[in-house]
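The values are calculated or read from the model by the stated rules, or taken from the named source; none is laboratory data. The shown structure was predicted, so the numbers you read here are calculated from the model rather than taken from an experiment. All Cβ positions, even for glycine, are placed from backbone atoms using ideal geometry, and neighbour counts span all protein chains on display. These accessible areas exclude ligands, DNA and RNA; they are computed on the full protein's heavy atoms, side chains included. Shrake-Rupley method; radii C 1.70, N 1.55, O 1.52, S 1.80 Å.
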Amino acid sequence: MNTKCLLWIFIGLITTYTINAAKILAFTPIAGASHWNVMSSVLEVLLNRGHSITVVTPFLRKIPHENYTEIDISKLVPLAIGSSWKTVIEVYKPLSECLKFLNDVHLKTCDLIFDHPNLQRALHVGHYDLVITELLGSRCDLYLANYLGVPHIAIVSSQMITWYQDSFDSPSNPSYISNLQSPYLKPETFVQRFWNFIDYAIICTYFKYIDTAATVMGRKYFGDSRPHAEVLLRNVSMVFLNTHSNFDLAKPLATNFKEIGGIHLKPPKPLPTDLEEFINNSEHGVIYFSLGSVIRMEDLPINIQHGLKEGFKELPQKILWKLESDKPIIDLPENIITRKWFPQYDIIRHPNVKLFITHGGNSGVIEATSAGIPVLGFPVFFDQPRNLELFKHWGSGLFVDYNNFTKEDFVYKIKQIISDKRFKENAMDLSHRYHDRPLNPKDTVAYWTEYVLRHNGAHHLKSQIINTKWYQYFSLDFLAITFVITMSLLYFFYNVISIILN
């Protein structure tokens, strides 16, 4: 092949790549690091594919990129970090309160950005091919794609959120699929099935009630003729779920649902020298402990604070403690190092790290699964109890109940997990299953995003059930007619027989 031919092929490839590049508008509704890790990882994949991104975010990029434009709202929304224990227990933990909180935050962020001059300028001046947002507490951001007349991809930074379930043909039958906030994986007993059904019905109804404001807000900013928010939700082209069925229990998913669990995971990096030496020189191994960025140590109940500290003191292992606190711990045992930040994923992949103690946030759960490390859970709210039940189910972890926390139980379970090789073996089996998939998360995002772009929203992937009335979905009209006909026939035959007998 001569040089001229190669040159024309090269020019053709460049031209094709440029033509296929899309302009994407993205929006993240909550200033939470774990949520942004998923969104930013998706955007990074698309940026590397040559697409142009405009994103509304409080998290600013450290290294500028010519195809990446930020609408900075960091001074307008508070970071979701370091909440008090009272807030965690009274606001984040009760499902109705948590949903109301998420709805309020999401709606407030929509209100701020819809009125933001930079977004208004972007909407009126720029041309976009796709909108990407996160499904969380409200449907208000759906109006961006509707206004622009472009396809919409939604990201769920956890497993599928219960109150959105019935809007897609992704069945969540409460008779055997537990709600996201359930403390169990599968409703086994009659009582569990009863309450799972009640919780499902209440939370779905409550969400639609409190989120009527989404439609009001959408029409306020984009015109009174805009559809109801529920109609727009059913028009979403693709949903990316930050989970994977090799870890979660298998359940039916609609064709336009794609699992991207692990999208935020980065290739391994060398640990800082001091941490590497600390871990390598730990004769009995290391335990890594983190309760995430939401819970502050000084706000934990006193008995738990003392129990954690005294419990760690009794262990031969050394402890790396990710501590969200501005106050130093008094009488900290010598086997503990505390910091506000650790390279968590790189630490738990180190062969001398024996155990990961975690609150059970979805990102940490995925990291533990990928790393093949046993887990001791300390669940507090939202999806954390169910996430940690999965480790218990697969035999790779246990958890403690903060309501009945004792130092003795805490230490006993740590020793049980470290001393019993089955926990590590099961964790490695789980990791192997997790990584055994036809496409990695990045390739999944790249392929299906561009599939949506190539096929004008790819609405053919969605089941027609989303346009079916609820009474038709449950065949209530058929059952009602069948009941009426049956009763009419019985009444007719009853009268005929009565006449004959008389």
Cross-link pairs K354/K442; K251/K424; K313/K415; K208/K469; K322/K354 - those with Cα-Cα distance over 18 Å: K354/K442; K251/K424
GluC sites (Glu not before Pro) within segment 307-392, DSSP loop, no more than 14 other Cβ atoms inside 10 Å: E314, E334
HN-Hα J in Hz across segment 107-122 - Karplus 6.51, -1.76, 1.60, θ = phi - 60°, x for Gly and Pro: 5, 5, 5, 4, 4, 5, 7, 4, 9, 6, x, 5, 6, 4, 5, 5
Label-point separation, N48 to K220 (7 Å along Cα→Cβ), nm: 4.0
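Take the Cβ-Cβ distance between D443 and L60 as r, set R0 to 30 Å, and report the resulting FRET efficiency rounded to the nearest 0.05.
Calculated value: 0.65.
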T406 versus K93: modelled label distance in nm, points set 7 Å from Cα along the beta carbon direction: 2.0
T338-T482 FRET efficiency (beta carbon distance; Förster radius 60 Å; 0.05 resolution): 0.35
Ordering of 286-294, 68-76 by burial proxy (mean other Cβ atoms within 10 Å per residue, highest first): 286-294, 68-76
Alpha carbon centroid spacing (whole Å) that separates segment 96-156 from segment 420-457: 27
Label selected from (1) 1.27; (2) 1.12; (3) 0.96, the criterion being Cα Rg over 2.2 N^0.38 Å as computed here: (2)
Segment 364-414 - accessible surface per residue (Å², probe 1.4 Å): 29
Low-density loop positions, chymotrypsin sites (Phe, Trp or Tyr not before Pro), segment 330-380 - DSSP coil, at most 12 other Cβ in 10 Å: W341
Whole-percent carbon and sulfur share, accessible surface of the chain, 1.4 Å: 59
Heavy-atom surface of segment 219-311, accessible at 1.4 Å and reported per residue (Å²): 43
Computed accessible area, R437, all protein chains, 1.4 angstrom probe, square angstrom: 40
Gain on full stretching of the segment that runs from E188 to D420 - 0.36 nm per residue minus C-alpha separation: 80.7 nm
Proximal lysines to K75, defined as alpha-carbon separation beneath 20 angstrom and excluding residues fewer than eight positions away on the same chain: K62, K108
18 Å Cα-Cα reach of K220 towards aspartates and glutamates, excluding residues that sit fewer than 8 places from it in its own chain: D104, D111, D115, D141, D211, E230
